[in-house]
Amino acid sequence: MKPRFDSLAFRLVAGASVWAAVALIAAAFILTSLYRETVERGFDERLGVYLKTLVGNLAMQSPGQLGDPGNLGEQRFELIYSGWYWQVRKSGGPVVLASRSLATDTLDIAKATNVGTVDGVESAVLTGPDNQELRVLSRTIIFDADHRYDVLIAGNASQLEAEIRNFQTSVALTLAVFGIGLIVAVGVQIRWGLQPLDRVRHGLAEMRSGREQRFEGPFPAELEPLAKELNALIASNQEIIERARTHVGNLAHALKTPLSVITNEARAGQGPLAAKVSEQAELMRTQINHHLDRARIAARSKVIGAITEVEPALERLVRAMSRIHGDRDLELDVAAGLRFRGEQQDLEEMVGNLVDNACKWAESRVVVTAMLERENDDQALVIRIDDDGPGLTEPEMLEATRRGRRLDESKPGSGLGLSIVTDLAALYEGDFRMSRAPLGGLRAELRLPAVMA
C-alpha cells in the first residue's frame, strides 16, 4: 500500500521527526561547544601549571645566570618536535633558555593569532616548528630594570582537536541512534493513538455495506460524542426518508383520484373540448407518475446500509416476466454472491423495466446476465439484458431515454420506463447505456454500486 502523505499519521510522524532532528542537532551543537570549552579550559589550566612551575624555578635563580629548569615534570618537553615547548627570551633580545624539544628552533609570539590577556598572562595560537598548531601561554617576569624576561609555554593543540572530533563522532552516533529510536517510538505511539480512528473507518464501511445498522464502539472519550451524533444522524435520516415515502404516497393518492374523475367525465362527454380535457388529463397523469417516481427513488437511493442479494431478486423477476410473456424464452446467468448496494425494490424496478421492454421487442429470446467487474480500485455490479429483436439505431437509443418519448405507439406503456431506469441509476451513482446485442437486438446495460466482498 502506498503511503498517504496527507494522512494524520504521516503528518504527526513527519512533524515529530523534523522537531526531533532540529532538537537533536541543536543538542549536539551545544554539547560539542560545552565540551570544547571545557577541554580548552582544562588544557589552558594545564599549560598554566607548567608556566607557574617554570616561573617559580627561574625566580629562585640568579637573574644574570639562569639555568635549565629541566622538563618541568612533562617528558614531552624532552622529545624533539613533540609539540610541547617552553622558552625564555630576554625582553627585546635573544632566547636565553629553551626546552630540548625545540632543538635549534625558537617560538616568536609576535606571529601568534587569537591573542588575549587575562591577569597579565597572554594566550594565543601559534604555528610550531613542525607545522603543529600550538596553544601558547606567556608572561613577562621582571627581576630588576636590566633583567626582564618573556616566559612562554606551548602545547600541541592538534591533540586537543582530535579529542574534540572523537567526542563529536560519539555524540553524533549516540544522538542518531536515540533519534531513530525516538521516531520509531513516536510512530508506534501515533499508530496506537490513532487506532480508534481505524475502528471508526471500519464501522462506517460496515454501515455503508449494510452489514451493520448502527455505529458501534467502544470508542475513546474523545470519539464517543462523534459515535452518538452519527447514530442520531442515521436514525434521523431514516425517519425523514420514511416520512418522505408516506408524503409521496399520500400525494399520489390525493392527485390520482381527482384526475380519474376528470378523465372519466371527459370520456363520457362529446366534442372537441371533452377530447382535449381527456388528452391533457392523461398527460398530467403521466407527468405526476414520473415526478412521484423520481421523488420516491431519490428518497430511497441514499438509505445508509441498504443491500440486496442480486441472484434471488433476479430469479423472482425472471419467473414473473416468464408468466407475463409466456411466448418468450428468458435465460438468467448470475454470478454467485453478487450484492447490490441499494434497496431491492429499486433493483427490481430498474431490471424489471428493462426485461419487460426486451420481452416486448424480442422475437423469441431474452438473456439476463449479472456479473462483477473491477473499475480502477472499485467494483461494479453489471447487469446486461440482451434480446433478439430489431434493436435501435444510435439516434433512437438517445431518444428512447428522454422522458415520456415512445418510439412505437403500437406497444403498451407510458414511455417512462427507460427514463426512470436512467434517473434511478444516476441517483445510485451508476450508469445505464444501450448498444447492439450479440443476439442481434438491443443490449441494455446497468452498472450499479456493488457491496465489496
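Below, the figures for the structure above:
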| read-out | value |
| --- | --- |
| Some residue of the range 70-83 being open to solvent by 30 Å² or more (accessible area, probe 1.4 Å) and within 26 Å of Asp144 (Cα to Cα) | no |
| Pairs with Cβ under 9 Å, 6+ apart, first in the range 72-83 and in contact (Cβ under 8 Å) with a residue 12 or more places away in the chain and assigned to a loop (DSSP other than H, G, I, E, B), second among the aliphatic types (A, V, I, L, M) and surrounded by fewer than 18 Cβ atoms within 10 Å (Cβ to Cβ) | Leu72/Val49; Gly73/Val49; Ile80/Ala103; Tyr81/Ala103 |
| Candidate set: the range 1-16, residues that are part of a loop (DSSP other than H, G, I, E, B) and open to solvent by 80 Å² or more (accessible area, probe 1.4 Å); chosen: the one modelled with the highest pLDDT | Asp6 |
| Every pair of residues 6+ apart whose Cβ atoms lie under 7 Å, when the first sits in the range 260-279 and is free of Cβ contacts under 8 Å to residues at least 12 places away in the same chain while the second is among the aliphatic types (A, V, I, L, M) and surrounded by 11 or more Cβ atoms within 10 Å (Cβ to Cβ) | Ala274/Ala266 |
| Odd one out for Leu79, checked against (1) over 16 Å from Phe43 (Cβ atoms); (2) of a type in the set (A, V, I, L, M, F, W, C); (3) touching a Phe, Trp or Tyr at 6+ places or on another chain (Cβ under 7 Å) | (3) |
| Within the range 329-366, tally of residues that are open to solvent by 50 Å² or more (accessible area, probe 1.4 Å), in contact with a Ser or Thr (Cβ under 8 Å, 6 or more places away or on another chain) and part of a loop (DSSP other than H, G, I, E, B) | 1 |
| Counted residues, the range 433-445 - those being assigned to a strand (DSSP E or B) and crowded, with 22+ Cβ neighbours inside 10 Å | 2 |
| Residue in the range 17-41 that is nearest to the chain's Cα centre (by Cα), counting only those that are over 16 Å from Phe178 (Cα atoms) and not polar (S, T, N, Q) | Ile30 |
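The values are calculated or read from the model by the stated rules, or taken from the named source; none is laboratory data. Source: prediction; values computed, not measured. Glycine also receives a Cβ, built like all others from the backbone with ideal geometry; neighbour counts cover every protein chain displayed. We work out accessible area using only protein heavy atoms, side chains counted, and drop any ligands, DNA or RNA first. Shrake-Rupley method; radii C 1.70, N 1.55, O 1.52, S 1.80 Å.
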